[in-house]
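Values in this text are rule-based calculations from the coordinates and carry no lab data. Quick caveat, the model's predicted, so the values are computed rather than measured. No Cβ is skipped: glycine too gets one built from the backbone with ideal geometry, and neighbour counts run over all protein chains shown.
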Amino acid sequence: MYFWWMIIGFQLVWFACAWGISHHYPLLPLLLSMVYLNTFMSKQSDKKIAYLFLGKFLLCGLIADSLISGLGLMTYMSAYPSPFAWLQPWWLSLLWLCFAASAKSSFSWLEQRRSLAVALGMIAGPIAYLSGQKFGVFIDIHPLGFALLSVFWGAIMWLLVKQLPSLPNHLQYKHQ
């Protein structure tokens with residue numbers, strides 16, 4: 001049951017962020033992502049490693065999304081006031097944390113297929129942002145922004161699947 005919650009639950013968090021923010025229900029993504037992350041952390045045998053893992057990918061997302069926005073290639077709905085409007089919004093930070101939490105369940109099959117992981121990241125990453133644009137949480141994404149998203153997502157997926165098998169006891173679920 002936990003395995004399926006981690007896969008399907010992430011999709012629900014994504015939808016809650018996209019729909020909730022675009023329809024002015026900010027508590028929806030906040031509450032659902034907290035439930036998701038709490039479930040994830042409750043199953044971790046080494047919480048310190050799990051927190052570090054989540055933090056790494058939050059930082060990757062913060063850098064990638066904020067850089068693309070700072071270059072004027074992507075605009076968020078409900079961005080912070082000037083001069084911080086370029087900074088990744090809070091709901092996107094939650095989405096990055098939940099994405100990282102879903103990694104072991106969703107992407108372990110790619111551990112020995114890093115080239116495929118990169119290719120999937122380069123395609124699926126920008127598609128997720130395009131879907132977010134259709135919901136209205138991204139006001140505008142320039143074509144060059146999509147190209148940069150593709151490069152970032154390829155690199156992020158490579159890093160993600162590289163780390164999954166190499167860290168001892170990393171994101172191993174407690175059997176209860």
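Rounded to whole numbers, the Karplus 3J(HN,Hα) couplings from phi for the stretch 26-32 are x, 5, 4, x, 5, 5, 5 Hz, using 6.51 cos²θ - 1.76 cosθ + 1.60 with θ = phi - 60°, and x at Gly and Pro.
The mean sequence separation of alpha-carbon pairs under 8 Å and at least six residues apart, normalised by the residue count of the stretch 2-166, gives a relative contact order of 28 percent. When the Cα positions of SER45, TRP91, GLY70 are compared along the charge dipole of the stretch 45-151, SER45 comes out farthest toward the positive end, with charges on each C-beta of Lys, Arg, Asp and Glu. Taking 30 Å as the limit for the C-alpha separation, the pairs LYS48/LYS162; LYS134/LYS162; LYS48/LYS134; LYS43/LYS162 exceed it in the case of LYS134/LYS162; LYS48/LYS134.
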